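Q: I'd like to ask you about the structure that follows.
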Amino acid sequence: MLDKAQEVKQTALQEINLAKTFQELESFRIKFLARKGLIADLFDRMRELPSDQLPAVGKSLNELRSFVQALYEDKKNQLESAQKPKKEYLDLTLPGRERWVGSKHPITQTLDEIKRIFFGMGFGIATGPEIEDDYHNFEALNFPPDHPARDMQDTFFVTDNILLRTHTSPVQIRVMEQRQPPVQVIVPGRVYRNEAISARSYCLFHQVEGLYVDRGVTFSELKGTLVSFTKQFYGSDIKYRFRPSFFPFTEPSAEMDITCFLCKGSGCRVCKYAGWLEILGCGMVDPNVFKFVGYDTEAYSGYAFGMGIERIAMLRYGIDDIRILFENDVRFLKQF
Ligand code: PHE
């Protein structure tokens, strides 16, 4: 049996050299390696052997099979590489492969820029839940029980007491509940309002809140901080003004306007012919709010502000429909 195996090995060694085409190679494979080939036949004949010879014979037959299989594979590779053209040519006229790189959403880009500026002025970051309770969204912010902002028209209620936050101001309360002054944070986040969807308003948008509380914080520091932000963000030649306003949680309160970036103040469609654009609300934290979080109203004062990111991004990039910011159409996003 072992002689027989040796014989098959010699024949295979001779015949592999005779195979010059794929067809001849295939005949070689069928003769030696196929299911009814010479090697399989030898395995079959092991049945006739006494059992003490089986291990030795089995081992040498396995070796034979691997050996012939390797002869076959080598020859196949040879034939295949002989088929390829000797030299590969580089076609310099082919167009290059374009690399597609994603980009940040314009809202994220705007937010990154706002964060960078406030980090530079010493602010940290705080965040809070988008699903809020009435206490943090309204009550602790000094909204009277019958305030119109609590109306079903504006707020998405989950239950009587749980709602989708309508602004980022509840995070002011959460931060002050957890730490003692000094507190100096900005709070970026999503907010929700139950408004009719149009080119100017959407059911969700983003705000950045600011809160600074310490001993002796004044309104002029609030103005200084916001003026510095505005100049860094919109350019140092921007004109601005503060108008008195009202928010339940700040006293006094103000809104900040900048000259319209499009008409530079002479009046156009974007600023509705006013020459000014409102960019944020702000004010000194109302002492009633400090009472809710247990801060000493004699020792501490602070300011807060809040701005809408979509509005700022729309003004910045000249986008006239807020809905396009939420559709994620790549034809739009690719431009940023
Ligand atoms: N939370 C207010 C809003 O949603 C903005 C604001 C924040 C005003 C902080 C004053 C101070 O309109």
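Q: Place the peptides 276-283, 169-176 in order of packing, highest mean first, counting for every residue the other Cβ atoms within 10 Å and averaging per peptide. List each step's numbers first, then the result.
A: Working: 276-283: 20.1, 169-176: 24.1.
Top of the packing list down: 169-176, 276-283.
Q: Roughly what angle does helix 2-18 make with the longest principal axis of the chain, taking Cα atoms, 0 to 90 degrees, to the nearest 10?
A: 70
Q: Could you calculate the FRET efficiency of T218 with E177 from 1/(1 + (r/R0)^6), where r is the beta carbon distance between them and R0 is 30 Å, rounded to 0.05? Intermediate results must be reported in sequence, preceding the final value.
A: Working: r = 24 Å, r/R0 = 0.81.
The calculated FRET efficiency here is 0.75.
Q: Given the peptides 47-55, 160-168, arrange them by the average over their residues of other C-beta atoms within 10 Å, most packed first. Before the final figure, lay out the partial values.
A: Details: 47-55: 8.8, 160-168: 18.3.
The peptides rank, most packed first, as 160-168, 47-55.
Q: Sticking with this structure for a sec: So in the chain, which Cys have no other cysteine's beta-carbon sitting under 4.7 angstrom from theirs?
A: Isolated Cys, the chain: C203, C282.
Q: For D154 and S103, what is the calculated FRET efficiency with R₀ set at 25 Å and r taken between the beta-carbons, to the nearest 0.05?
A: Working: r = 34 Å, r/R0 = 1.35.
Computed FRET efficiency for D154 and S103: 0.15.
Q: Right, next: If you rank S228, S27 by how much accessible surface each has, with a 1.4 Å probe, what is the order from largest down? Show your work: numbers first, answer last.
A: Working: S228 40, S27 70 Å².
Result, largest first: S27, S228.
Q: Give me the net charge for the shell around V217: Cβ to Cβ below 15 angstrom, other residues only, Lys and Arg +1, Asp and Glu -1. It would help to have the intermediate numbers written out before the result.
A: Values: positive: R215, K223; negative: D214, E221, E251, D286, D296, E298.
Taking every Cβ under 15 Å from that of V217, the sum is -4.
Q: Taking the Cα-to-Cβ direction at E113 and at A40 and moving 7 Å from each Cα, how far apart do the two end points lie in nm?
A: Spacing of the two 7 Å Cα→Cβ label points: 7.4 nm.
Q: Please express the Cα-Cα pair-distance distribution P(r) of region 279-336 as a list of whole percents, one per 10 Å bin, running from 0 to the bin with the greatest distance.
A: 18, 31, 17, 18, 14, 1
Q: Let me ask something additional. Can you compute the modelled spin-label distance between D237 and E63, with each label point 7 Å from Cα toward Cβ, in nm?
A: 9.1
Q: Percent relative contact order of region 99-205, based on C-alpha pairs within less than 8 angstrom and at least six residues apart?
A: Details: 120 pairs, mean separation 32.4, N = 107.
Relative CO of region 99-205 lands at 30 percent.
Q: What percent do you get for the relative contact order of region 200-307 when only Cα pairs under 8 Å and 6+ apart count? Please list the in-between numbers first.
A: Details: 180 pairs, mean separation 37.0, N = 108.
Relative contact order of region 200-307: 34 percent.
Q: Quick check for you: with a 1.4 Å probe and neighbouring chains kept, what is the accessible area per residue of region 60-195, in Å²?
A: Values: 8510 Å² over 136 residues.
I get 63 Å² per residue for this part.
Q: Still on this model: On average over all directions, what projected area in square nanometres does the chain have, based on the convex hull of its Cα atoms?
A: Details: hull surface 141.3 nm².
With every direction weighted equally, the projected area is 35.3 nm².
Q: May I ask which residue of G224, S253, T21 lies farthest towards the positive end of the charge dipole of the chain, with charges of +1 (Lys, Arg) and -1 (Asp, Glu) on Cβ and the Cα centre as origin?
A: T21
Q: Here's a follow-up. Tally up the carbon and sulfur contribution to the accessible surface of the chain as a whole percent, 1.4 Å probe, everything protein left in place.
A: Values: 10080 of 19630 Å².
Heavy-atom surface of the chain belonging to carbon and sulfur, 1.4 Å probe: 51 percent.
Q: Quick check: Cα centre of region 94-128 to Cα centre of region 231-294, how many Å?
A: Centre-to-centre distance over Cα atoms comes out at 24 Å.
Q: Here is a further query. Under 12 Å from the Cβ of I107, count the other residues' Cβ atoms, weight Lys and Arg +1, Asp and Glu -1, and hand me the total.
A: Working: positive: K104, R190, R311, R316; negative: D112, E113, E310.
Summing Lys/Arg as +1 and Asp/Glu as -1 gives +1.
Q: Treat each spin label as a single point 7 Å out from the Cα along the C-beta direction, and report the Q23 to C268 distance in nm.
A: 7.9
Q: Right, here's the next one. Select from A70, A304, A149 the residue whose mean-square fluctuation is largest in a Gaussian network model of the chain (Cα-Cα springs shorter than 10 Å).
A: A70
The values are calculated or read from the model by the stated rules, or taken from the named source; none is laboratory data. Please read these numbers as outputs of a predicted model, since none were measured by experiment. Cβ atoms come from the backbone with ideal geometry, glycine included; neighbour counts cover every protein chain shown. All accessible areas refer to the heavy atoms of the entire protein, side chains included, with ligands and DNA or RNA removed. Shrake-Rupley method; radii C 1.70, N 1.55, O 1.52, S 1.80 Å.
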